[in-house]
Amino acid sequence: QSFIDGTLAKITRAREAIDAAGRDVWLQVDGGISRDTIERAAEAGADVFVAGSAVYKAEDAAAEVGALRELASGAHRH
């Protein structure tokens, strides 16, 4: 599945609602997560990412997971 940019606003709204309620909830995004999209999803408020194709199609799956983790952890929420 491709990443749908329109979901970024939904992620942001969900994160805002979770934070406003004072809940400890991990927000997961599944679909089209890759090096090109993970930072935007993290900045919008996602905490957990399903990156199937990006990992399984990579030449080195472990290295790809590491790169994705680094990109996600480096993102800052606005």
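The values are calculated or read from the model by the stated rules, or taken from the named source; none is laboratory data. Keep in mind the model is a prediction, meaning the values are calculated, not measured. Methodologically, a virtual Cβ is constructed for each residue, glycine included, from the backbone with ideal geometry; neighbour enumeration extends over all protein chains shown. Keep in mind that these areas ignore ligands, DNA and RNA; they rest on the heavy atoms of the full protein, side chains included. Shrake-Rupley method; radii C 1.70, N 1.55, O 1.52, S 1.80 Å.
How much net charge surrounds Leu71 when only other residues with a Cβ under 12 Å from its Cβ are counted (Lys, Arg +1; Asp, Glu -1)? Charge balance in the 12 Å sphere: -2.
Taking 0.36 nm per residue of sequence separation and removing the Cα-Cα distance, the Asp36/Val50 pair yields an extension gain of 3.7 nm. Could you tell me the calculated FRET efficiency between Lys57 and Ala14, based on Cβ-Cβ distance and R0 = 30 angstrom, to the nearest 0.05? E(calc), rounded to 0.05, equals 0.60.
Mean residue ellipticity at 222 nm, helices only, the chain: -15000 deg cm²/dmol; runs of at least 4 DSSP H residues each add -39,500 (n - 2.57), and the sum is divided by the number of residues. Accessible area per residue for the chain, computed on protein heavy atoms with a 1.4 Å probe, is 68 Å².
Once the Cα atoms are used to define both axes, helix 7-20 deviates from the longest principal axis of the chain by about 50 degrees.
Applying 1/(1 + (r/R0)^6) with r as the Cβ-Cβ distance of Ala21 and His76 and R0 = 22 angstrom yields a FRET efficiency of 0.50.
For segment 12-69, the share of alpha carbon pairs falling in successive 10 Å distance bins from zero is 24, 46, 22, 8, 0 percent. Only Cα pairs under 8 Å and 6+ residues apart enter the sum, and on that basis the relative contact order of segment 17-77 stands at 37 percent. Output the 0 to 90 degree angle, nearest 10, between the alpha-carbon long axis of helix 61-74 and the longest principal axis computed from the alpha carbons of the chain. Helix 61-74 sits at roughly 30 degrees to that axis.
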